[in-house]
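Below you'll find the structure, written out as structure tokens, and then a few comments.
The values are calculated or read from the model by the stated rules, or taken from the named source; none is laboratory data. These figures come from a predicted structure and were not determined experimentally. Methodologically, a virtual Cβ is constructed for each residue, glycine included, from the backbone with ideal geometry; neighbour enumeration extends over all protein chains shown.
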Amino acid sequence: MLRRNAHLKLLITSAVKTALAHFYFLPLRSRKDYQQMTAQASVMKSPGRIFSVAVVGASERDIEILERVFGITRYRQRCYKLVVINDVSSTSELTRAVDADIHVLNVTNPKAIVCWQRFAATVSREKRKPVLRLGQKATDESNVSEFVIPWPINPAKLLQTLDNFTIRHLHYYPEFEIGSEVEPSSAVVHNIKAIGTTTQIKQEARQKAIRVLVADDSLAVRRQLTIEFDSMDAHLDSVADGDAAVKATEQEKYDVIFLDVVMPGLDGYSVCKNIRRSALNKTTPVIMLTSRSSKFDKLKGILAGCDTYLTKPINHNEFKEITQKHLVKSMEK
């Protein structure tokens, strides 16, 4: 028995060594391809957010296509889960579908229209959202509405339509990152503007004129934050060094202040200490937005008086959630 186990161990060790030898003697390009595939696989283990899609009145063939397409979204930043509703769906099934993130109606199926009327009657006013229409044949792509899924179903266009819906109506946009050195494209700017923010902040911004200060020596970061706050109808002052930030806080009352840590002149910690001693902004929320992520740096930020310490890059949804929380508190004072 011991001899057999030793022999088995020897075989396994030999196989591992052979595999490693093959790997290291692979051509350089093949080895890089392998490493890239491994990296992609490790990323794929962490799926993004799951959106439920309630489809009313789809044919069996369409349901089969939707299930296949949604199956391949398992490891995307947006994953889609199908909820099928038809004319024989029970009241409990209709109730579950009410909470779906996206509602799709097959407009070519007369029974689906009747089913939709039953379904719509169970949806309260506050839960109603734009409805995607499935089954309209696209004759001219330039005239296709964002709420139409052309038929026959094209997987790429289907996912593009659903992705756009999650951006513009569910405000889910993790692709846009604050702190990325990539210059925002025109499509990114368009999507952020389409998202907007909560009605409360929009109304407050119009009435009170929300003022925000950003101090960061990165032009890319200042532009990214300009895009974010333009969508909130907020007035943004941006400076590139610590001394200019201190001067701005001595002249203007702000609703929220963002500080980088490493800047020309005074660093973010020193600026924050100055703000906490200022007459105008000593109670203003200060958010550190920096690439320094060590516990020691975070502790220094807290001791300097910051309210929140964020590590760059941070995606749009996380940034928006934290910013809105501080803005709401600031406006309630």
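Here's a check for you: in segment 84-124, which residue that is polar (S, T, N, Q) and in a helix (DSSP H, G or I) is nearest to F51 (Cα to Cα)?
In this case the residue turns out to be T95.
Does T108 count as at pLDDT 80 or above, over 15 Å from V83 (Cα atoms) and either outside the structural domain of Q160 (by TED's automatic domain parsing) or polar (S, T, N, Q) (or both)? It would help to see each step written out before you state the result.
On the way: at pLDDT 80 or above: yes; over 15 Å from V83 (Cα atoms): yes; either outside the structural domain of Q160 (by TED's automatic domain parsing) or polar (S, T, N, Q) (or both): yes.
It is true that T108 is at pLDDT 80 or above, over 15 Å from V83 (Cα atoms) and either outside the structural domain of Q160 (by TED's automatic domain parsing) or polar (S, T, N, Q) (or both).
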**Request:** Considering every residue within segment 312-323, establish whether at least one is in the same structural domain as V182 (by TED's automatic domain parsing), at pLDDT 90 or above and of a type in the set (D, E).
**Result:** no
**Request:** Please identify the pairs in which a residue from segment 113-124 that is closer than 17 Å to V83 by Cα has its Cβ atom under 7 Å from the Cβ atom of a residue that is of a type in the set (D, E, K, R), counting only partners at least 6 apart or on another chain.
**Result:** C115/D87
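Test T249 against the criterion of being hydroxyl-bearing (S, T, Y), modelled with pLDDT of 90 or more and either exposed (fewer than 15 other Cβ atoms within 10 Å of the Cβ) or outside the structural domain of K193 (by TED's automatic domain parsing) (or both), and give yes or no.
Values: hydroxyl-bearing (S, T, Y): yes; modelled with pLDDT of 90 or more: yes; either exposed (fewer than 15 other Cβ atoms within 10 Å of the Cβ) or outside the structural domain of K193 (by TED's automatic domain parsing) (or both): no.
The answer is no for T249.
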**Prompt:** Do we find that A156 is of a type in the set (A, V, I, L, M), surrounded by fewer than 16 Cβ atoms within 10 Å (Cβ to Cβ) and either at pLDDT below 85 or touching a strand residue (DSSP E or B) at 6+ places or on another chain (Cβ under 7 Å) (or both) in this structure?
**Reply:** no
**Complete:** The one condition E64 fails out of (1) in a loop (DSSP other than H, G, I, E, B); (2) modelled with pLDDT of 90 or more is (1)
**Request:** Give the residues of segment 148-175 that are touching a Phe, Trp or Tyr at 6+ places or on another chain (Cβ under 9 Å) and not in a helix (DSSP H, G or I), sorted by residue number.
**Result:** L170, Y172
**Request:** Take segment 203-220 and flag every residue that is at pLDDT 90 or above and crowded, with 21+ Cβ neighbours inside 10 Å.
**Result:** V212, L213, V214, A215, D216
**Message:** For a quick check of your reading of the model, give me the residue pairs whose first member lies in segment 152-177 and is among the acidic types (D, E), whose second is not in a helix (DSSP H, G or I), with beta-carbon atoms closer than 6 Å and at least 6 apart or on different chains.
**Reply:** D163/R78; E177/P313; E177/N315
